[in-house]
Every structure is written in structure tokens, then in C-alpha cells.
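Down below is the structure, laid out as C-alpha cells.
The values are calculated or read from the model by the stated rules, or taken from the named source; none is laboratory data. Values in this document were obtained by computation on a predicted structure and should not be read as measured data. Using ideal geometry, Cβ is built from the backbone for each residue, glycine included, and neighbour counts are taken over all protein chains shown.
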Amino acid sequence: MNQRNLFKVFASIAVILAGCSKIEVTDHQFDAPEGEMAVRLGISSPAGLSVRSYISGEEKAISTIVMLCFDGEGKYITYKNAEVHPSSTDPATKGTLTGNVPSNTCRIHFIANYSPNLSSIAMGSLERAVMKSDLFSSDYNDDVKFWGYHSETTSSSMKTWLTGGNTVMLLRDRAKVILKKASTANGISEIKWTVANGLNKGYLAPTTASGNNPYTNDYTTATRLTEYTSSGRYSTMDESGAIWAAEDEPQYLFENANPQNNPVKVIIKTTYTNNKVKYHTVLLQSNEGVPYQVMRNQTFVLTVKNLPEVVGSDDFDDALTTTDYSNNPYAQVDREVEEISNGTYTLKVEKNVKLFNSNGTGTIGFTYSPSSGFDASNFSAIWEAKPDTDETDDVVASDNEGKLITPSIAFNSSTGEGTISFPLATLNTELKHNSLQLIAKNSGMSRFVDVYSITQFSYSTRPELKDNNTTRTVGGKSREVYKLTFALPEDFPSSQYPVKVKMFTSTLVPYSDNSANTPSGVFDVVVASTISLNESTSTSSWNYEAKSWGQYYEYVIEQPSSDNSYTIYMYDIRENYSRTINNVGLYFHIDGFGNPIPLTAQIIQYGSQTFQGANFSFSNNTGTATLGGASVTLGNSDWYRNSRTIIFVQYASDYALRVGRDNGNGTVAVTAPSGMVITGIEVTYFHRTEQGSYTQGTLWAAKDFVGGNVTTSSGSYSKNGLTGTWVGDPTETVTLTMARDSANESPRIVSIKVDYQTKVE
């Protein structure tokens, strides 16, 4: 989704299919009327806050449950109401339900907080048609509903399950979006927000047809996308029609593929402390710009890191249509993948982002507790389908049919520790990516892991350590300052942040990530073995060799910069000039970027020379001059001197160097000294004009060279008054081509200043 984007903002997305495993049912009277069987089940639901929202009214604690009953062939029998008994400790999310269902029931849909007119359903209607009918859909302004499901192959198996102390997991029929404001969002007095361009209708239950039974749906994968494809969108709403939520108040969205060409939008109405109001538009997408599919029961947390006044729209209508989104670095959306607990069970994955850099088998650890009574069969791990915008290759190997190999799971019930394993596709220098979902079947809880593989990342700009040509006073002593620069690759995934930059050095102290004059950043000292450093004959001979170290400096880059480039300033631990430059350096290392890199400080010497007329010698309209190793060659030029006799007295006017003298262009070719490069050129020049006539001659005075065109072989050229300035990337040679001006006058050059510095490889 990158456009590559606005706050690091949609903080996390998790599919929390809350629930319990077995429950203790205190009512053991399982008698039921003839022709029916008793229902005694636990219920678990994500319902919680009761807050009004634009989509789907309120999300309320479970109050009513109706049971839709189907036989083994998926034919409708009838519906039954169940009694809800909230838990005394957690009445909003847990409790029990009791009731009775027909004795031939094999499939039950549990519908909570919804009481439609069910008498219109004809007995014998097919389950697939019933659950996909408009009767079991919701409109955007309806309250949130909840859905659960269980099936058995026979009615006798269903009877056993209904009174066996089991739990029904109730899932929200739509996704929840929450907005939070980070402490970094300064200068804001109020935030209101709403969701826009979502689907205006959704199914109460997943309805994707699968399997061999032509009459039924496969309801086992509750987290799959089941978009209500015939519904419209509510993108045409206006500001007065939108219901604005405050921070931490939820909004809701129906399941939606969220295509990049027609995305769901979050509009943030921001009032600043100066009373200015701006509208910021954020997409539900990853930090890489990949749209998130909106699926039922997911939670999206949008974190506002900063919303500058200079970005955003001035009105609501423009915010709806703009393509200038505030994702990264101002707002961010992630799937919520932190540790999940429903009060009874806890599911935790080793890492939410895992990078593999060697071939073989990929493994991801997880824990589940309490673990007693469970084995590997209680868990499933599936690969998510990739959005079209994710063009990376697959991390995992494929089978003979080209399908991704399903991960294998091992679980130790005594320790609660498990592993997910899968064969890795052959690694190379291209970044590969897949997303893995781990599900605990008994509770329905789920976590996502983004899996990447690459042999080794490469810096887009290799780390360099240079003498900054400045000093810093530390302890009353003057210390030389050095500048460390590097850049990460353009496609470096933002999910890999924070990035830990390790600097192994015994000669330098890092103190700033901002400027040589302003301390900033946090540089922690980490005590650890340095045995992993790639010592060799060349590196271990340094005076600051790695083998004697047991600690290093660590700088943490929390979020990517706009261009993925970074600068760190460091000062020498000894006072100025107490050591040679060859003894100043460090080992630089970032995990995933290969071995540590030895960096010896580079001295950058600076020079400047000013050329004037007297420095040049001319031959055949070519003038040459050399100063301090720098040289300047003038083409189609001469040394111009104007003489006039006024009242029997001869006056000589020295107009210095004239270029373009023979009705053509003149050139100024500048070459840096050996081993150095040009960093700047300034040319001061003018042309002559008649000032007045005298008895025996005409007096010519200097005037700004107002016309003419100057082109340059590299960089750019601009003119301000009598001075023309060249700027560009450091280079060994630069040629300026100067044309005559509109009065057909050639420029007269007074001086040419050349700045240069040491060439850095």
C-alpha cells in the first residue's frame, strides 16, 4: 500500500477469536421435551464497549441468541431461542447459554443480538441459500451482531457435544477500527474521525461455498474474507452525515477486499491548538503500502504519530477524493499481533516478524497456556493469500502442484511450547515475503507472523566515516568530530524496524543523530561478546582492534526516514590532534547486512583558489592559469583592456577577461587538483556600457551582465547580481559555456573562485 506512506499509524491488526475450551456447567438437568435435545454451552464473545459509531450502531454485550437448526443434509428444520446467562466475572464477553433444539439437528448457527422475522424461512430450505439471504445480512447503520457455528456428522454426536461442557465462539460480523493518538502528536487540541468508502452491507455469517456438499457452505474458516459483493459503498456521505468518533471510540467495517483502486478511507478531522482545522486521509494498509483485507472480527488500531498542518485537506469533500494520504510517517496501521489472552488461555508467538537468511527449514516458536490436554492437533497454521500489490516471491517452498507447503506443528503439553516448521524456498538477494496465521482451535485465538527471507541486505549507500572538519569541547578539551553516514535499501521492509545499529569502537563516542552541534539520540552501551566480528589479518592489526572489546555502542532507529539515509556524529575520546587519522575508526554492523564493516576515518581536506586576470597567459584566444593545483582554461577569450584619450590624456580601463569575443560562445573549464573534486564555483563578471561622450573620446563603465545564457556540463548554474554560482555533486571537472547577451556583449570576468575538497571513494 505503500505509496510508501503516513504515520506509522495503523498500529496492529489481530484476529481475536476469543473463547474458552471446556466449561463447568452447574446445571446438570439435561432433560428436554420429546423430540428435542438439551443445549448447555459456554459462550465467548469479543463484545465490549457500547459506543455509537457510523457503521453498525452500537456494539453491545450479548443479550439474545437464536439458534438456526439444520439437519445433516443442510436442510432447514426450525429456529430456537436460547437463554443467555452472563458470567458474574466478565458479563460483557463470557457466559453460558441454555435451550433445546430438534433431535435431528446436525448443524447450528448461533446468531446473537439479532431477532429477525424467522417465520418466513420455509422448512427444508437449503442452508447455503438461507445464510446468504438478505434476511441474514446487516446494513451499515445496524447494531453489531455476532455469529457462531458448530456442526457434527450425526445428530447423536451433536447431542453429546451440546452437553459436554463445550464453548461456542461468537465472532463480530464486521471488523473494528480504533484510533489512538501517540505522545509525539503535538500541537493538536482535538481529533475526531470517521471511516468512509466501506461496503454498506455485510453477511452475518461467512458464506463461501466449498467442499463436496452442494447444499452447504464450509463455515470452519471463520476468518476468511466473505465480501458482500452486491452491496454499494457509502463514499458519497458528507460531513454532516458522518458520525465522528473520538479517540479510543471504535468504528466498524464490513468485510472488504479493500482494493487499491477503491480503498477504505479513514478521515481524521484535526483541530490544532491555534484553532486551525485540517482533514487527513489514511488508508488501511501496511507500511509497505499493501492494502489490508478487511475481515470479520479483526481489530485495526490506527496510531496517529503526528499530523502537521502543512499536509492534509482543507475540507471533508477533498479528503474523500484525495490521493495524498497521511500514512507514514504521520500515521500507521498494523495488524495487532501482540500476545493474546481471553482470560483463560494465552497465545504468544516468538516474533511477529521473522527474517531467514540461510537455506533449510524455517521455524517459528510459540507458547500456549494452560497447555494441559492439548497436542499439535489443537493448532493450525495457514499461509495467507497475497494481495495483488505484493509482488514478492514466496519464502516457503511449493509442492508438485505449485501450492505452498502447509507448515507442520509440534507442541509439548507439559511445557506449553510449540514450533511451526516449513521448508524454505531457495534464498537469494531478492526479498521474499509471506504472512502466516497460527490458530488455536479450542479458543479460536489467532496470531499473524510476517515471514521474510533474503541471503543478505545490501546498503544503498555503504557506511562511511569522515572527518567532519569541526571540533567539540568535551571535559574542557577540544575533540575532533567525525561523521558516520549510511543508507538502507529502498525496499527495506518497514516491518524490520526498529533497526539496531551497532558501532564497535575504542576511539570514538557517538553523541548525535541530528547535527554536529546538537546532542540528540540515545546511544546505549551494550556489553556482549564480540566473537562474531569478522577479524582478519588486516583488521586485527588496527590499534582499535575488535578482539579486545566486550562492549559496543548501539543506536536504535525507531522509524524509517524519508529516504532511508542516516547520519551519526562522533567525537574522538582523546583531545584534538593527539593521534593520527589512521588510528581512528570503528566496526559497523546491522543484523541481516552481512559481516561487520571496518571503517577507518577519512580526512577531508578543503581548498579554495581565486583566479584573476593577472593569473592567465593567453595564446590564440585561449587563456590558462593554475593555482594550488587547480586549473582554469578560458576558450574563445582574451585579456581585454580599453584605452581612451580624453582631453589629451590617455586612460586605460582594465576589463579583465573577456569570453565569447568572436561573436560566439566562450567557455570556462575548471579542473580540481589531483585527488580532489570541485564542490563550488563562483564567477564575478559584467559587460561595458557607454556612460557619456567627451570632447575627444567616450567613457565606458562597468554594468551588470544582464543577459546571455550560461550552461554547465554538470550540476546547475544560477546568477545573482554580478555573481554566477555553480553547484553540483563533487566532480573533477566542470565546463561553463557562456553566450553573449541581448546587446551582443560578451561577459567580462573579474574573478573565478574554485572550491574543492578531498575525493572520497
### Query
How many residues does region 446-469 hold that are farther than 30 Å from PRO596 by Cα and in contact with a Ser or Thr (Cβ under 8 Å, 6 or more places away or on another chain)?
2
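Could you count how many residues in region 147-191 are of a type in the set (Phe, Trp, Tyr), surrounded by fewer than 23 Cβ atoms within 10 Å (Cβ to Cβ) and within 17 Å of PRO206 (Cβ to Cβ)? Even if it seems obvious, please write down each step before you answer.
Let us first name the residues in region 147-191 that are of a type in the set (Phe, Trp, Tyr), namely 147, 149, 161.
Those still in the list that are surrounded by fewer than 23 Cβ atoms within 10 Å (Cβ to Cβ) too: 149, 161.
In the following step, the residues that additionally are within 17 Å of PRO206 (Cβ to Cβ) were identified as 149.
Total satisfying the criteria: 1.
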### Query
In region 507-527, which residues are closer than 18 Å to PRO463 by Cα and either assigned by TED's automatic domain parsing to the domain that holds PHE356 or not hydrophobic (A, V, I, L, M, F, W, C) (or both)?
THR507, PRO510, TYR511, SER512, ASP513, ASN514, SER515
### Query
Counting just the residues of region 287-318 that are closer than 21 Å to LYS386 by Cβ and either assigned by TED's automatic domain parsing to the domain that holds PRO560 or in contact with a helix residue (DSSP H, G or I) (Cβ under 8 Å, 6 or more places away or on another chain) (or both), which one comes out surrounded by the most Cβ atoms within 10 Å (Cβ to Cβ)?
ASN287
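The rows are residues; the columns are (1) in contact with a Gly (Cβ under 6 Å, 6 or more places away or on another chain); (2) assigned to a strand (DSSP E or B); (3) of a type outside the set (A, V, I, L, M, F, W, C).
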site: ALA122; (1), (2), (3): no, no, no
site: VAL130; (1), (2), (3): no, no, no
site: HIS150; (1), (2), (3): no, yes, yes
site: SER156; (1), (2), (3): no, no, yes
site: LYS159; (1), (2), (3): no, no, yes
site: GLY165; (1), (2), (3): no, no, yes
### Query
Taking only pairs six or more apart or across chains, which ones have beta-carbon atoms under 7 Å, a first residue in region 259-272 that is surrounded by fewer than 16 Cβ atoms within 10 Å (Cβ to Cβ), and a second residue that is small (Gly, Ala, Ser)?
THR271/SER189
### Message
When you scan region 326-337, do you find a residue that is buried (at least 20 other Cβ atoms within 10 Å of the Cβ), out of contact with any Phe, Trp or Tyr (no Cβ under 7 Å at 6 or more places or on another chain), modelled with pLDDT under 80 and among the hydrophobic types (A, V, I, L, M, F, W, C), even just one?
### Response
no
### Task
Only one of these is more than 30 Å from GLY42 (Cα to Cα), in contact with a strand residue (DSSP E or B) (Cβ under 7 Å, 6 or more places away or on another chain) and of a type in the set (S, T, N, Q): ASN434, ASN400, ASN378. Name it.
ASN434
## Note on the structure
Given (1) among the hydrophobic types (A, V, I, L, M, F, W, C); (2) in a loop (DSSP other than H, G, I, E, B); (3) under 44 Å from the mean Cα position of the chain (by Cα), ILE111 misses just (2)
### Task
Could you figure out which of (1) surrounded by fewer than 15 Cβ atoms within 10 Å (Cβ to Cβ); (2) at pLDDT 85 or above; (3) in contact with a helix residue (DSSP H, G or I) (Cβ under 9 Å, 6 or more places away or on another chain) isn't true of ALA625?
(1)
#### Entry: Residues of region 267-292 satisfying the condition of being within 17 Å of the chain's Cα centre (by Cα) and modelled with pLDDT of 85 or more
THR281, VAL282, LEU283, LEU284
